[in-house]
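Let me begin by presenting the structure, written as structure tokens, before commenting on it.
Values quoted throughout were computed directly from the atomic coordinates according to the rules given, and no laboratory measurement underlies them. Keep in mind that this is a model prediction, so the values were computed, not measured. In this analysis, Cβ positions are derived from the backbone assuming ideal geometry, glycine residues included, and neighbour counts consider all displayed protein chains.
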Amino acid sequence: MLIDTHAHLNAIQYQEDLEEVIERALSEGVERIVVVGFDRETITRAIELADQYEFIYATIGWHPVDAIDMTDEDLTWIEELSAHPKVVALGEMGLDYHWDKSPKDIQKEVFRKQIALAKKVRLPIIIHNREATADIIEILQEENASEVGGIMHCFTGSIEVAKQCIDMNFYISFGGPVTFKNAKKPKEVAAEIPLDRLLIETDCPYLTPHPFRGKRNEPSYVKYVAEQIAELKGVSFEEIAQKTSDNAMRFFGIK
């Protein structure tokens, strides 16, 4: 059994062949898929998919790149949707300093508001971090995010940062980059993360793992992430598949 903890099956890239993509995932042993929403359109679609498929769950949040677009009405809407039985986390949320659409101060404000909401509705959070590690750690600490815990999505940071996150009740999730030939640091970190704090994901349609790098990603490819981590840790694929699935079910509160 495998669980893809971060997929964007709500993306336009799947509008032509979603059924086939889902069938391939099931045939490769992917038994649960978490579809991540990050704005009005993708949140609505994530919940539609969760309603349509028993094995799909949804997360709802506002992406930092688009933080400048989020209104108080959007936040209230997210709060209302958080009661949906298949909404299992808030996010993705966080900070992204690579793109400059949303000023840093607005990103931080929107991030803090979403953490506060997560604590109010008692749901864990999914963190997007791009070139903003120090500020993310600072905000998570200041806002006592450990109360709800969360996932450091598609982690590419250092082992020191990973340990800080684990100490705050966070899981460390690896995706396609851990399979890249030149990904020395992610491989070293994945080898050291305790099994009980490890998750796997695709972030599809992006960050496609080797040997399909450059093509559209999909949930069935999460097995390549599991295989790479098993090799790095010197354990069986089956152990990684089982442990990461157990972790995901515990984290999201799903069966």
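The table that follows gives values for the structure above.
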| quantity | calculated |
| --- | --- |
| Values of log10 I(q)/I(0), in the order q = 0.13 Å⁻¹, for segment 1-158 under a Debye, Cα-only, solvent-free model | -0.59 |
| Segment Lys185-Asp246, length gained on full extension (0.36 nm per residue, minus Cα span) | 19.4 nm |
| Approximate spin-label separation Ile159-Glu54, in nm, with each point projected 7 Å along Cα-to-Cβ | 4.3 nm |
| Student exercise, segment 2-252 dipole from Lys, Arg, Asp, Glu Cβ charges, in Debye to nearest 20 | 700 debye |
| For segment 184-200, 3J(HN,Hα) per residue [Karplus equation, 6.51 cos²θ - 1.76 cosθ + 1.60, θ = phi - 60°, Hz, x = Gly/Pro] | 4, 5, x, 5, 4, 5, 4, 5, 9, 5, x, 4, 7, 10, 10, 9, 10 |
| Among Ala190, Gln13, Ala145 - extreme Cα towards positive end, dipole of the chain, charges at beta-carbon | Ala190 |
| Listed pairs Lys223/Lys243; Lys104/Lys223; Lys163/Lys233 exceeding 24 Å between Cα atoms | Lys104/Lys223 |
| Residue-averaged 222 nm ellipticity for the chain, from DSSP H runs of 4+ at -39500 (n - 2.57), nearest 500 | -13000 deg cm²/dmol |
| Segment 2-252, relative contact order in percent, only Cα pairs under 8 angstrom and at least six apart counted | 19 percent |
| Distance in nm between pseudo-label sites at Tyr97 and Glu73 (7 Å out along the Cβ direction from Cα) | 3.4 nm |
| Distance in nm between pseudo-label sites at His84 and Gln141 (7 Å out along the Cβ direction from Cα) | 3.5 nm |
